[in-house]
């Protein structure tokens, strides 16, 4: 019997499980049902065999690892002849492009010669596995986090301690790990394995709402509505109005077209506090696509130290006199600060105080310096990278294209050092001057026609 070698979930609501006989099975992530099996890996250009590991990166990119090399796929909706990027044939060497992977210098294995499995956790982090150890890879910093590798045993409750052959996260509550002819289902909310068994004809995925891997900016109203319902059922968000009504076949209310009121204004335990009205206990007039973005931001910002407790903002569902503006449509966030604890000590980082009010020495484009304020720099760059992956970045919706903007550039994420070289009086200079105290992050066009 063939055994799994790798797996990956795509934003087209499909999950692919590759086997060591160079075939793969395709699952519908929404129903959990296997749609087809024994398909030839030759359907995937650039893959001479089943990859050792396969992972969706985000922003339209996926990486397939083969020994000490990898290929990158560009924004495919399914396996297709034009999916692999030409410049990635022949493959790139892993050691040149994945900083921080263990080199074996301390006596352990050299991870750059190959990894066993990789999975995107949906929070700005990838987990890569080799043997009985794993590393956490930070998408924002594009490097392995400090303090890794670590042993699987003692860090992943119930998981195969000696290693995994494949791993995949379809984007919902459950992640799947495979070893030999066995699978384990890992409950992300409970942080432990909750089910296991043989990988046979009866295996299926737990149903996951459509769009769970897709960025918030491209979700349809129906997808956002069902993703929101999933968060409500899991106790990660609570609606004040319209009242949430569940039914045998799914959500009855709210309807996809309705804007909603969240109260308390928390997502997975992290509060959004309006600095203009700190006592407010609601986020109202909220587009459901933006609700999904707000939840996902809390996961990115709290995926590793420090422990974030609160995101401060200057408005989400309101702003200005134009009723068709993205704020008045509940499709924008003006993020102004972050609070929490680091090593037991409380902290606050203010976009205005700790970034926008800093002096601009000659030649300095980005004023927040990781050498001077590593905490603030890490938090704010994570917010920025999240926004470019999940919200509008280079264009609107599906028109967003790689590469995602870097700090100091232009686009739809606006912040204190937006386009620092813009000519005085230009639109970009005006935008920069108006955003010294917050990030502007939006879903959809700035104003409806």
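Working only within segment 413-437, note down all residues that are assigned to a loop (DSSP other than H, G, I, E, B) and either touching a strand residue (DSSP E or B) at 6+ places or on another chain (Cβ under 7 Å) or surrounded by fewer than 16 Cβ atoms within 10 Å (Cβ to Cβ) (or both). Lay out the reasoning, then the answer.
Going residue by residue through segment 413-437, those that are assigned to a loop (DSSP other than H, G, I, E, B) are 413, 415-426, 434-437.
Scanning segment 413-437 gives 413, 415, 421, 423, 424, 425, 426, 434, 435, 437.
Residues considered: 126, 101. Of these, the only one that is part of a strand (DSSP E or B) and modelled with pLDDT of 95 or more is 126.
Tell me which residues, restricted to segment 185-203, are closer than 18 Å to residue 54 by Cβ and assigned to a strand (DSSP E or B).
Initial filter on segment 185-203 (closer than 18 Å to residue 54 by Cβ): 186, 199.
Correct list: 186 only.
Output yes when any residue across segment 321-335 is touching a helix residue (DSSP H, G or I) at 6+ places or on another chain (Cβ under 8 Å), outside any helix (DSSP H, G or I) and at positive phi, and no when none is. Lay out the reasoning, then the answer.
Quick first cut of segment 321-335, residues touching a helix residue (DSSP H, G or I) at 6+ places or on another chain (Cβ under 8 Å) only: 330-333, 335.
After this cut, where a residue has to be outside any helix (DSSP H, G or I) as well, the list is 330-333, 335.
Remaining after also requiring at positive phi: 330.
Yes; the residues of segment 321-335 include at least one that is touching a helix residue (DSSP H, G or I) at 6+ places or on another chain (Cβ under 8 Å), outside any helix (DSSP H, G or I) and at positive phi.
Please find, among 337, 344, 317, the residue that is in contact (Cβ under 8 Å) with a residue 40 or more places away in the chain and more than 21 Å from the chain's Cα centre (by Cα). Walk me through it before giving the result.
Details: 337 fails: more than 21 Å from the chain's Cα centre (by Cα); 344 fails: in contact (Cβ under 8 Å) with a residue 40 or more places away in the chain.
So the residue among 337, 344, 317 that is in contact (Cβ under 8 Å) with a residue 40 or more places away in the chain and more than 21 Å from the chain's Cα centre (by Cα) is 317.
Total residues in segment 13-55 satisfying the condition of being in a strand (DSSP E or B) and in contact with a helix residue (DSSP H, G or I) (Cβ under 7 Å, 6 or more places away or on another chain): the figure is 3. Scanning segment 144-163 for residues that are in contact with a strand residue (DSSP E or B) (Cβ under 7 Å, 6 or more places away or on another chain) and either within 14 Å of residue 303 (Cα to Cα) or in a strand (DSSP E or B) (or both) turns up 144, 145, 150, 151.
Test residue 440 against the criterion of being in contact with a strand residue (DSSP E or B) (Cβ under 7 Å, 6 or more places away or on another chain) and in a loop (DSSP other than H, G, I, E, B), and give yes or no. Explain how you work it out, then say what you get.
Values: in contact with a strand residue (DSSP E or B) (Cβ under 7 Å, 6 or more places away or on another chain): yes; in a loop (DSSP other than H, G, I, E, B): no.
Criteria not met by residue 440.
Conditions (1) at pLDDT 95 or above; (2) in a loop (DSSP other than H, G, I, E, B), marked per residue:
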{"residue": "337", "(1), (2)": "yes, no"}
{"residue": "340", "(1), (2)": "yes, no"}
{"residue": "361", "(1), (2)": "no, yes"}
{"residue": "367", "(1), (2)": "yes, yes"}
{"residue": "375", "(1), (2)": "yes, no"}
{"residue": "380", "(1), (2)": "yes, no"}
{"residue": "411", "(1), (2)": "yes, yes"}
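Residue-by-condition table, conditions (1) closer than 25 Å to residue 209 by Cβ; (2) outside the structural domain of residue 72 (by TED's automatic domain parsing); (3) out of contact with any strand residue (DSSP E or B) (no Cβ under 9 Å at 6 or more places or on another chain); (4) free of Cβ contacts under 8 Å to residues at least 40 places away in the same chain:
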residue: 10; (1), (2), (3), (4): yes, no, no, no
residue: 13; (1), (2), (3), (4): yes, no, no, no
residue: 22; (1), (2), (3), (4): no, no, no, yes
residue: 25; (1), (2), (3), (4): yes, no, no, yes
residue: 33; (1), (2), (3), (4): yes, no, no, no
residue: 40; (1), (2), (3), (4): no, no, no, yes
residue: 47; (1), (2), (3), (4): no, no, no, yes
residue: 58; (1), (2), (3), (4): yes, no, no, no
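Residues that are buried (at least 18 other Cβ atoms within 10 Å of the Cβ) and either modelled with pLDDT under 95 or farther than 23 Å from residue 113 by Cβ (or both) within segment 42-55 comprise 44, 46, 47, listed in sequence order. Here residue 9 qualifies as part of a strand (DSSP E or B) and closer than 19 Å to residue 223 by Cβ. If only residues of segment 1-23 that are under 18 Å from residue 164 (Cα atoms) and at pLDDT below 95 are counted, the one that is surrounded by the most Cβ atoms within 10 Å (Cβ to Cβ) is 2. Selection within segment 189-218: residues that are closer than 27 Å to residue 288 by Cα and free of Cβ contacts under 8 Å to residues at least 60 places away in the same chain. The member of this set that is surrounded by the most Cβ atoms within 10 Å (Cβ to Cβ) is 189.
Go through segment 278-314 and give me each residue that's assigned to a loop (DSSP other than H, G, I, E, B) and either under 23 Å from residue 378 (Cα atoms) or within 18 Å of the chain's Cα centre (by Cα) (or both). Walk me through it before giving the result.
At the first step, the residues of segment 278-314 found to be assigned to a loop (DSSP other than H, G, I, E, B) are 278-282, 287, 302-306, 314.
If the condition is that a residue be assigned to a loop (DSSP other than H, G, I, E, B) and either under 23 Å from residue 378 (Cα atoms) or within 18 Å of the chain's Cα centre (by Cα) (or both), then 302, 303, 304, 305, 306, 314 are the ones that fit.
Among the candidates 384, 389, the residue that is closer than 21 Å to residue 11 by Cβ and either outside any loop (DSSP other than H, G, I, E, B) or modelled with pLDDT of 95 or more (or both) is uniquely 389.
The values are calculated or read from the model by the stated rules, or taken from the named source; none is laboratory data. Keep in mind that this is a model prediction, so the values were computed, not measured. All Cβ positions, even for glycine, are placed from backbone atoms using ideal geometry, and neighbour counts span all protein chains on display.
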